[in-house]
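What follows is a single structure, written as structure tokens, with notes after it.
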Amino acid sequence: MDNLSTLKSWIKESSRIVFFGGAGVSTESGLKDFRSQDGLYHEKYDYPPETILSHSFFFSHTAEFYRFYRDKMLCLTAKPNAAHLALARLEQRGKLSAIVTQNIDGLHQAAGSKKVFELHGSVHRNHCLQCGKFYTAEDIARSTGVPRCTCGGLIKPDVVLYEEGLDQKCLMGAIQAIAQADLLIVGGTSLTVYPAAGLLQYYGGNRLVLINRDATPLDGQANLVFRDPIGQVLGAAVPE
């Protein structure tokens, strides 16, 4: 049996599927990933992206942070691709129990998924650090310079920056979902970003599927490995 047929069979037999995804899930929607040759970390800026997207840089160079953030992190015209839509179908059919994502673009929810653990937060949630008022991603995109609240306070995106910890409630929910999964599908991630990549250790089953363009540290432990585009694999495995 070929890999795709095996994946289809496993999906049919499973009722607690968990999908764990990274930036590669959204590249088919036109968003850049981070670590591939044409990713964000290979572009040239006055500061490395890892520096710009850090907690300390946000507060010490706020205007510079927002220039990069609006230019590279806010792609509000992006639409869900075949992978997002396939996962939403799996959830609607009672097969998928959760999505655990490192992405901050909200495309899983835009596709219709309800149970999404956003490990690194979301561009769609922004709050004033002074009064707590909520602002949308569109509010940030429309603003210029350093976005300020009506109270005068600084607005910060609810995204996890370098030097910041993950939300513990989100983290525990993701761990619980992975631990209870009867099929774990991992896609679009280099599995090099911790602590997120470390969550896979909580999966104790024997149906680990990796879908990624490049090799990952866990390829040798996977039961199925695909090198094809995620949308192509999941679109074929979960037909409409």
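Take the alpha-carbon centre of region 142-189, take the same for region 69-121, and report the distance between them in whole Å.
13 Å
So between L4 and F59, what do we pick up on full extension, going 0.36 nm a residue minus the alpha carbon distance?
Taking L4 through F59 to full extension adds about 15.0 nm, to one decimal.
For a protection proxy built on the mean count of beta-carbon atoms within 10 angstrom, sort 136-145, 77-86 highest first, please.
Final packing ranking: 77-86, 136-145.
Taking the chain on its own, what percent of its Cα-Cα pair distances exceed 26 Å?
Every Cα pair in the chain considered, those over 26 Å come to 38 percent.
Report the label-to-label distance for R227 and E163 in nanometres (one decimal), using points 7 Å from each Cα along the Cα→Cβ vector.
With each label placed 7 Å out from Cα toward Cβ, I get 4.0 nm.
Counting only pairs 8 or more places apart or on different chains, how many lysine pairs in region 41-138 have C-alpha atoms closer than 29 Å?
Step by step, the pairs that qualify in region 41-138 add up to 13.
Based on the Cβ-Cβ distance from D139 to Q180, what FRET efficiency comes out when R0 is 45 Å, to the nearest 0.05?
Efficiency for this residue pair is about 0.75.
Hey, any idea what % of the chain's accessible area is carbon plus sulfur with a 1.4 Å probe?
Roughly 51 percent, rounded to a whole number.
The values are calculated or read from the model by the stated rules, or taken from the named source; none is laboratory data. Predicted model only: the values in this text are computed from it and were never measured. Reconstructed Cβ throughout: ideal geometry from the backbone, glycine too, with neighbour counts over all protein chains shown. Remember, those area values only see protein heavy atoms, side chains included, never the ligands or the DNA or RNA. Shrake-Rupley method; radii C 1.70, N 1.55, O 1.52, S 1.80 Å.
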